[in-house]
Amino acid sequence: MTPRPMTTYALRGMAAHKRRLVSTVTAVLLGVAFMAGSLVFTDTMRASLSGAFQDGERSTDVLVRGPVTLETGQGAQHAPLPAALVADVAAVDGVAAVAPRLEGFAQVLGADGEPVDQLGGGAAPAGAAWAADERLNPFELVAGRAPRGADEVVVDRSSADNAGLSVGDRTSVLTAAAPLDMTVVGIATFAGQDNRAGNHTVLFSPDTADRLLGGNGTVDSVAVLAEDGVDQAELARRVDDVLPAADEAVTGSALAEENGKRTNEDVTFFSLFMTVFAVVALLVGAFIISNTFTILVAQRTRELALLRAIGASGRQVRRSVVLEALAVGVVASAAGLLAGVGVARGIQALWGAIGITMPQGPLVVSARSLVIAFVVGVLVTVASALLPARRAARVAPVAALRSVAVERVGASRRRVVIGVVLAAVSGVAVVLGILGGLVPPVLLGALGALLGVATLAPVLARPVVRVLAAALPRLVGVRGLLARENAVRNPRRTAATASALMIGVALVGSITSFAASGKQSVTSSFDQEFRGDLVVESGAWVFGGVSPELTAALQTRPEVAAAVPRQFTQARVGDGLTQVTGWSAELDRVFDVGRTAASARTLGPEGVALGTSYAKNHHLALGDTVTLTTGSGASRELTVRQLLEHTDWAGGVVVDRGTFTALVPDALDTSVYVKAAPGVGAATLRSVVDAVAAPYANAEVRDRDEMRAAVVAEFNAILGVVFALLALAIVIALLGIANTVALSVVERTRELGLLRAVGMARGHLRGMVRWEAALIAVFGTVTGLAVGLFLGWAMVFAISQQVETAEFVVPYGQLGVIVAVAAVCGVVAALLPARRAARLDVLAAIATS
């Protein structure tokens, strides 16, 4: 027998039994669609950001900028340049034009008086100076004119559309100053796009920008256009000759390369985040593929044995199974690529639904991404079928004499040994990690536990299912008894089917428990540490905030005993980058910071307060000195004068507000914490604070209950995204349950016929099949939740090494809902197989051999 007839046999076998592989094809399709969608999504982000950064500088031949002050997650920060330097650069031989660049926070309000952007979603609405020379201006007017007066602005087209603004309309703009009433005199696009990399921009005249955006006689950089025939490198050398030694002149080509690198760094987080969920979906699909082919090989034992009996070698039989898997992988992966474009759109919508700002632009479908997703889908499918194919090759010709399918039902000794070793090593790692306060061993131990439970699943299946179904016979009679026995008769199959669901549920359970612990920890620390009455929140966590003038207005009101603003920035403290918080001397009036007894009463302009854990980790003590450097290049040597026990809200590195303002002159307040004056009731205080905050549309006033609710809402928004992404893995796992039950119905045709022959009603037969599926689903869910809780605890332990109030919380209600939903989904997954089982012809089924 030659390989060609075996290929024909494999393809004809698939054509004759299409239905048995439908769910396997679907599982591969969904996994590939998610991977392709993730890759398309990240390619689209990369292209949009790259276009925004590079197209915006397309006419810049040389960029003049100050020295690098900080390297942060948002890229390198440079020191500002004195505005007087612009004239020196313009006078350089070969310079055709210059455009000083200046940016800062500015947020436009819509026609309804509400901000266009929500700062809590990572939006970075910016204000910028309008460049007079259109050749160096990345913004192009599509309506109106450039801003000239102090009360005139140009907004990008996206802002105009979202805010409902047109040329000539009046609107408010929020900056570091008080809210400003401005006239929209123009609408512009950025390098042909409606906005700049998903963020909105308000453009002022140069003088107005200097006044409102914290220029104070400085600029961020200077863009230079070369005269015709002047080389970029040559012009950069000429410009560099007139610059102070610390400043630099960068060529346009070098800037483009730098922006491309920055784009990749910006997209890395989303790329890794989405890849994790794509891998989970494919891993779950791999369980289903392997299980499906294992069952098919068992059901076709006689067929494969006959092939061996008439001369087929074990290699040829193995090849036929692999060819079948290859065909499934190719067809399903190709279909998954088409579905991936829709998945990419869904991912964009998902992030946008929780307010995360995404760059705008058409989907970018690259050949590289499609090839990667296709190849991974095919390889996963074929690799998952290799073990069943190997078993098929071992079928002996004598098996053709048997009248039943043969499949191993017990766990192998090797599997048991590997599972026990994984569990033991995981336990040791966790214990050592806890005793030493080390995070990596605990996290590795938790991961090892997941692998150990998955390996030992066939050993656990029989006893766990019997416990779960102990009361089932009493509740639903013989249907429950038969369902239980069917589920435990082949623990390998039950475990393989449930393992796919177990992985998905383990991730859901770990994230659910981690989020519940996070909610409890944050709200608990707020209740324990907050001494004030109200909080004015801007929601900013990356960029922006509310004008310090709001705080000044609150401090003048007699109903307010204290209005304590918080400012923060990233800065280099010593040799490390960290978040530095600026507070006024009244910090302890609104927060219990747990100042140690030996600490000084005040910080003063040369003092810094450190959290005790931060000080311990960086080997610092009272009286030590540290150097603090901000993004503007400002630096100051500070003495450690206070140690704080409670830093969840105050921050691990705290300086006086005066010091902070000197280092970061244009900083906004992210929050203001308010305490009522003696004798002032809650309602009176709220009305006063609401009235003062009303002009600042990005400021939201909250009491204690509203702060707790806001914390819960933020966690729930993140949970919503994670659960939506994990939902695909759960769907694939449920498809696996449906597939296994459907194939087992085919395998047990004669058995089901006999049950009908001895009097079992169709309804009872359907119920038996549905209950069996529900038991498999609940087994996968329960084991998954057990592992998930362990993973969740490990993550909380890691956080607890930095956050003193972190404590592990078990969300019993939510976990109970997960189990109930899984059981219902298991029943739903078995509806069609149960219906087919009930409709079997009794005589034909009994006659099946």
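The values are calculated or read from the model by the stated rules, or taken from the named source; none is laboratory data. Note that this is a predicted model, so its numbers are computed, not measured. Virtual Cβ from ideal backbone geometry, glycine too; neighbours counted across all protein chains shown. Note: areas computed on protein heavy atoms with side chains; ligands, DNA, RNA excluded. Shrake-Rupley method; radii C 1.70, N 1.55, O 1.52, S 1.80 Å.
Things worth noting here:
- Shape metrics for the stretch 560-624, restricted to C-alpha atoms - Rg then Dmax, Å: 12.8, 40
- Local electrostatic count at Val95 - Lys and Arg +1, Asp and Glu -1, tallied over other residues with Cβ under 11 Å: -3
- If you wrap the stretch 115-189 in the convex hull of its Cα atoms and look at it from every side, the mean projected area works out to 5.2 nm².
- Positive contributions from Lys and Arg (+1) and negative ones from Asp and Glu (-1), summed over other residues with Cβ under 14 Å from the Cβ of Val364, come out at +2.
- For the stretch 531-656: span of alpha carbons on each principal axis (Å, largest first): 43, 34, 23
- Bins of 5 Å from zero: percent of alpha-carbon pairs in the stretch 522-587: 3, 13, 19, 24, 20, 13, 5, 2, 1
- For Gly576, the shell of other residues with beta-carbons less than 15 Å away shows a net charge of -1, using +1 for Lys and Arg and -1 for Asp and Glu.
- Accessible area of the chain divided out per residue, in Å², using a probe of 1.4 angstrom: 42
- Tilt relative to the chain, helix 22-55 - C-alpha long axis, 0 to 90 degrees, to 10: 20
- Rounded to the nearest 10 degrees, the angle from helix 3-16 to the longest Cα principal axis of the chain is 80 degrees.
- Euclidean distance between Cα centres, the stretch 473-545 to the stretch 638-704, Å: 35
- Cα-projected label distance for Asp169 with Ala471, points at 7 Å along beta-carbon direction, nm: 6.1
- Shape analysis of the stretch 213-292 based on the Cα gyration tensor places the equivalent ellipsoid semi-axes at 49, 17, 9 Å, largest first.
- Note on the stretch 736-826: Rg/Rh from C-alpha atoms, Kirkwood Rh, equals 1.25.
- Share of Cα-Cα pairs in the stretch 659-799 lying beyond 28 Å, as whole percent: 58
- Net dipole in debye of the chain [+1 Lys, Arg Cβ; -1 Asp, Glu Cβ; about Cα centre; nearest 20]: 8380
- Taking trypsin sites (Lys or Arg not before Pro) across the stretch 569-639, the ones in a DSSP loop with at most 15 further Cβ atoms lying within 10 angstrom of their Cβ are Arg601.
- Kirkwood Rh in Å, taken over all unlike Cα pairs in the stretch 59-104: 12.3
- The angle between the Cα long axis of helix 232-241 and the longest principal axis of the Cα atoms of the chain comes to about 40 degrees, rounded to the nearest 10.
- Over the chain, relative contact order from alpha-carbon pairs under 8 Å, at least 6 apart, %: 17
- A dipole drawn for the chain from +1 and -1 charges on Cβ atoms has a positive end, and of Leu39, Ala563, Phe287 the residue lying farthest that way is Phe287.
- Computed over the chain, Kirkwood Rh from alpha-carbon pairs, angstrom: 31.2
- In whole percents, the pair-distance distribution calculated for the stretch 174-259 from its alpha-carbon pairs, binned every 10 Å from zero, is 12, 31, 34, 20, 3.
- The spacing between the stretch 571-615 and the stretch 165-239, judged by their C-alpha centroids, is 36 Å.
- To put it simply, the accessible area of the chain at a 1.4 Å probe is 59 percent carbon and sulfur.
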